[in-house]
Amino acid sequence: MELYNLKPAEGSNKNSKVRLGRGQGSGKGRTSTRGHNGQKSRSGYSKKVGFEGGQMPLQRRVPKFGFRNINRVSYLGINLDTLQEIAENDNKATTIDLAYLVENGYAHKNDRIKILGRGELTAKLDITVNKFTKTAKEAIESKGGSAVELA
C-alpha cells in the first residue's frame, strides 16, 4: 500500500448535496445551494458550448476563411525508393498490391495509393494500386515490371 493508492472505504463518503430543497431544517433548503437570483439559479439552466458570459464568443470573433472541396480524392503517396526498400528486404515480394502494403504496415485498408517517382528502382515489380505518376510508371516499366491502375 502506498500513499498514491489510498482511498476511503466504499460507502464512507457521501455526496452532501443529495437531498436539495427539502426544507430549512436540512440546511439545503431555500436556495438549494444555487445562491440567489441569476441564470444559474433557474431550473433547466445549461450554458452553450463556448459561452463567454455575453461577450462575443471566440468562434464568432474569428473570421471564417478557406475552402474544403467535398469532392476531393486524397491518395497516400508511396515513393519508388520505398518500393526498392521493400524489394530488398522481402526477396519474395515481386507482386505489390494494397493487401501486401496493408499487411506490412505501409498503408491502411481504406487508403487509396499513388506511386510517386522519387528515388531509384532497380527491382522488377508488378504493382497494382490506384494511381501512378508518369515518372513512376515509366521507371517501373523500364525495369520490366508492370504498373496496373485499379478502377
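Laboratory data are not the source of any read-out in this text; all were calculated from the coordinates shown. As the structure is a computational prediction, the values presented were derived from the model and not from experiment. Neighbour counts are summed over all protein chains in view; Cβ atoms, including those assigned to glycine, are modelled from backbone coordinates with ideal geometry.
Note on the chain: dipole from Cβ charges, positive end direction compared against ILE115, GLY50, THR133; the farthest Cα belongs to GLY50.
Over the chain, the Kirkwood radius and the radius of gyration, each from Cα atoms, give a ratio Rg/Rh of 1.42. The count of lysine pairs in segment 76-149 with alpha-carbon distances below 16 Å, taking only pairs 8 or more places apart or on different chains, stands at 8. Sequence-distant contacts, meaning Cα pairs under 8 Å at least 6 residues apart, place the relative contact order of segment 72-151 at 31 percent. Net length available on complete extension from THR33 to LYS143 is 31.7 nm, with 0.36 nm assigned per residue and the Cα-Cα distance removed.
Here the relative contact order of segment 1-137, from alpha carbon pairs under 8 Å that lie six or more residues apart, stands at 17 percent.
The helix-based estimate of mean residue ellipticity at 222 nm for the chain, built from -39,500 (n - 2.57) per DSSP H run of four or more residues and divided by its residue count, is -5000 deg cm²/dmol to the nearest 500. Per-residue Karplus couplings for segment 63-75, computed as 6.51 cos²θ - 1.76 cosθ + 1.60 with θ equal to phi - 60°, are listed in order as x, 7, 7, x, 8, 10, 6, 6, 9, 5, 10, 9, 10 Hz, Gly and Pro entered as x. Residues whose amide H lies under 5 Å from that of ILE113, counting only those 5 or more places away or on a different chain, are LEU76, ASN130, LYS131; hydrogens are built 1.01 Å from N in the peptide plane. Taking a ≥ b ≥ c as the square roots of the eigenvalues of the Cα gyration tensor of segment 76-149, is the shape rounded (a/c under 1.5), prolate (a/b larger than b/c) or oblate? It is oblate, given that a/c is not under 1.5 and a/b is not larger than b/c. Ignoring aspartates and glutamates fewer than eight residues from LYS64 along the same chain, none have Cα atoms less than 12 angstrom from its Cα. Which FRET efficiency, nearest 0.05, do ARG118 and ASP90 yield, Cβ-Cβ r, R0 30 Å? After rounding to 0.05, the efficiency reads 0.90.
3J(HN,Hα) along segment 86-95, derived from phi through the Karplus expression 6.51 cos²θ - 1.76 cosθ + 1.60 where θ = phi - 60°, amounts to 4, 4, 6, 7, 10, 4, 7, 6, 10, 10 Hz, with x in place of Gly and Pro.
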